[in-house]
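Written out below as structure tokens is the structure these notes cover.
Each reported figure results from applying straightforward, stated rules to the coordinates on display, with no laboratory input. Computed from a predicted model, the values in this text were never measured in an experiment. Cβ sites come from the backbone with ideal geometry, for glycine too, and all protein chains shown count toward neighbours.
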Amino acid sequence: MGIERHLNDTVHVTNLEWFVNWARKSSMWPLGFGLACCALEMIATAVSRYDISRFGMEVFRPSPRQADLMIVAGTASKKMIPAIRRIYEQMAEPRWVIAMGACACTGGIYKNYAVVQGIDRHLPVDVYIPGCPPRPEALLDGIFQLHAKVMKEQSIKDPRSFPLKAAT
Amino acid sequence: MDQETIKEKLVSKFGDEVVQSAVAFRDQVAVTVPKDRILDVCRFLKEDPELLFDFLSFVGGVDWYPKEPRFEVVYQLYSLKHTHRFRIKANVEMAEDGLGHIDSVVPIWPTANWHERETSEMFGITFLNHPDPRKLLLPDPWNVYPLRKDFPLEGTEEDTPDLPRTAHAALDQPSE
Amino acid sequence: MPEAATRIDRRSETLELNIGPHHPSTHGVFRAVVELDGEIITKVTPYLGYLHRGYEKTCENKTYHNVIPLAERCDYMAASGNSLTYCMAMEKLLDIEVPERAQAIRVIMAELSRIFSHLFWLGTHGHDVGAITPVIYCLREREDIMNLFELTAGGRLMPNYLRIGGLIRDLEDGFVERVRAFTNIFDSRVDDYETLLTKNPIYVDRTKGVGVLKPEDAVALGASGPMIRATGIPLDLRKTQPYSGYEQYDFDVAVETGCDSYARYLVRIKEMRESNRIIRQAIDRLPGGPIRATKPGAVFPPQEDIYTRMESLIHHFMLVVEGIKGPVGEVYQATESPRGELGCYIVSDGGPKPYRLKWRGPAFVNLESLAVMSEGSFLADFIVILSSVDIVLAEVDR
């Protein structure tokens, strides 16, 4: 490849959209939304054995304003829905949602009056991770799928679509 | 002290009619008392020096629909000093307002506060003179008693809906 | 003077602060509304139910064996303790005698679960107080224990290893050596954790005298486990009403008299050491023999027999299709979980499903004393007190 070889491969040439997507996926800060048992496996992913810090995600922000990724880990009961919805709306775009565990995906083993049968009834979910609870490797695999999805996103709008303001 | 002796003490203090039925199963005895004597019986069980049941493990309910009387309130007791256990039950029938009524034992064992709140919201039993009769586990807008036998497991759309996303239903616009 | 009167009136307004349900330090979805006068808490109103999953109603619709995984998810920090309580209640109902090897292995699983739960508590409690280091170290130990759980029946967090009548399968080769290796290094690890917090002046200042629960209040409010043992009352169901062979093991009950959060911390550290002692004794004395009782109609026959003998195949089939036909009656069985008295009350009407299953969760009852302990203290102490109660929301809300 032309210019990179001339510069002794010290430079990488790409387009802006790839660059923005790469920056977004390399330091996606999760919002620790651990509701039930899956939260323990999420925390186990964050500490030294399954180190999520390798992927730039060890800063679990308590505040939704500072987070990009909401990992809904655990059972969402119907009483909790207004709180979940309010927290999701407080997150700034770009934001993604991972439904971790069987209870968040579809309600899990709790098919009864008190449990929401899947949080995708109320939130737009990007990646579903099944398991009860999913192993930390499964959570990491789901996160990689999300990274792949983010790399393919159209994050920069076509510049030609911005209307030019005429100078008056 | 074994279970039969405890039952004998109860009978000798209050008379035979206080023990409506006593079921001995495995090594445990469960005594059913009339619901209007429950406060006297519980006070005796707590204060008598040979019994000293000062630790209430739980207060629970059982729904025997369609048998009458419909509900049964169960009190499981433990004595710290004598390390024996005992179980007291009281039958509660359903009144015209669709609820059962029984005295609250919070004056005797303060721990019964939350147990009775949970039992009352799950079964629809009113505990008289309870200091704080609010709902505990279920959402406030619901008006159902889930642990009753005639309530379906999955609830119904009208009675147990997914709660609205915001307090103001008019603002519930789907944003995605 | 009229201005002074209005100034005093304004000062008497309290501030209502909402804590939770999404909060980094509430250990789950717990909500409390505290009324503050300046920084002093005057009233605490807990709001529960944000993780209410309809556990008791769901159990009424499942066969007796299908309840075991549901029960394990009730207290997800010490899952084997839950299935132990439920299986023992069922064995009492059906009058089944569990063989000695199964009892010893159940004790090992229950004590490993106790260490498991206390390690997580220690990590998150340190995190709430402000010490971030214990989390990383305690969770490293938990990975070792999760490897042991995985060796038994495959699940890291909820191994689902116990069955009514015994265990599902015998121990793998190498399990005993790995447990022994774990017990050999664990005492020195607890010493490491103690160097971080026990004599740390910041930690002692933050927890000594904070969250005082007097003994008579503890008994009246039904507190059990470390909450009541930290007030000087030696209530431990493993000693007062022993079960599953605990009377054979030699261990002390961890009791402190401080009545505050620091005493609860010391009790839990001591309990971890005692649990290690029990595991070492159980592993040294592990008897041989079957790992499940024989009772056709209630207990699954051994796996090898199902493939070779006709009667076992028929028993297995009838058990799966029709379920257990139990007697009519009711039982209450309580065990000592890491949080306190965990009780299971089962009413059976002779059918294959429980008629009523009531779960007495110790975290639910211990949380009642939160209001009594935190009124009059600072808001920062509220977080410390809440974390010293050691709640698991799935048990509080069921």
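Reachable lysines from A:K25, Cα under 29 Å, same-chain residues fewer than 8 places away excluded?
A:K149, A:K152, A:K157
What whole-number distance in Å separates the alpha-carbon centres of the stretch C:41-89 and the stretch A:1-48?
Each part's Cα centre sits 38 Å from the other's.
To the nearest 20 Debye, how big is the dipole of chain C about its Cα centre, given +1 on the beta carbon of each Lys and Arg and -1 on that of each Asp and Glu?
Using only the charged Cβ atoms, the result is roughly 540 debye.
Along its three principal axes, how long is chain B when you only count alpha carbons? Whole Å, largest extent first please.
Projected onto the principal axes, the Cα atoms of chain B cover 69, 33, 30 Å.
Between C:R277 and B:R26, take the C-beta separation as r, use R0 = 30 Å, and let me know the FRET efficiency to the nearest 0.05.
After rounding, the FRET efficiency stands at 0.45.
Karplus couplings for the stretch A:88-103 from phi (6.51 cos²θ - 1.76 cosθ + 1.60, θ = phi - 60°), rounded to Hz, Gly and Pro as x?
4, 6, 7, 6, 8, 6, x, 9, 10, 10, 10, 9, 9, x, 5, 5
Helix C:133-153 versus the longest principal axis of chain C: what angle, 0 to 90°, nearest 10, using Cα atoms?
That helix lies at roughly 20 degrees to the long axis.
Exceeding 24 Å between C-alpha atoms, which entries from my cross-link table qualify? They are B:K13/B:K46; C:K239/C:K270; A:K79/C:K353.
Beyond 24 Å: A:K79/C:K353.
Which value at 222 nm does chain C reach when only helices count, each DSSP H run of 4 or more adding -39,500 (n - 2.57), with the total divided by all residues and rounded to the nearest 500 deg cm²/dmol?
That comes out to -15500 deg cm²/dmol.
Based on the alpha-carbon gyration tensor of the protein assembly as shown, what equivalent-ellipsoid semi-axes (square roots of 5 times the eigenvalues) come out, in whole Å, largest first?
Computed over the protein assembly as shown, the values are 44, 33, 28 Å.
Would you calculate the separation in nanometres between label points at B:E93 and A:R121, each defined as 7 Å from the Cα along the Cα-to-beta-carbon direction?
Going by the 7 Å Cα→Cβ label model, 3.9 nm.
If r is the Cβ-Cβ distance from B:F14 to C:K43 and R0 is 60 Å, what FRET efficiency results, to the nearest 0.05?
0.90
So if we plug the beta-carbon distance of C:I136 and C:E216 into 1/(1 + (r/R0)^6) with R0 = 41 Å, what FRET efficiency do we get, rounded to 0.05?
That pair, C:I136 with C:E216, gives E of 0.55.
For the stretch B:1-45 and the stretch C:218-254, what is the centre-to-centre distance using only Cα atoms, to the nearest Å?
Computed from Cα coordinates, the inter-centre distance equals 27 Å.
Per residue of C:232-244, count partner chain C-beta atoms within 10 Å of its C-beta, then hand back the mean as an integer.
Mean number of neighbouring Cβ atoms from other chains: 1.
Each label point is 7 Å from the Cα along the Cα-to-Cβ direction; what then is the distance between the points at A:A23 and A:V59, in nm?
The answer from the label model is 1.4 nm.
Using packing as a proxy for protection, rank C:151-159, C:225-233, A:22-30 so that the peptide with the highest average count of other Cβ atoms within 10 Å comes first.
Peptide ranking by packing, descending: C:225-233, C:151-159, A:22-30.
Quickly estimate the mean residue ellipticity at 222 nm for chain B, helices only: each DSSP H run with n ≥ 4 gives -39500 (n - 2.57), and the total goes over all residues, rounded to 500.
Result for chain B, helices only: -6000 deg cm²/dmol.
Going toward the positive end of the dipole of the stretch C:55-397, with +1 on Lys and Arg Cβ and -1 on Asp and Glu Cβ, which of C:I145, C:L221, C:A71 do you reach last?
The residue sitting farthest along the positive end of the dipole is C:A71.
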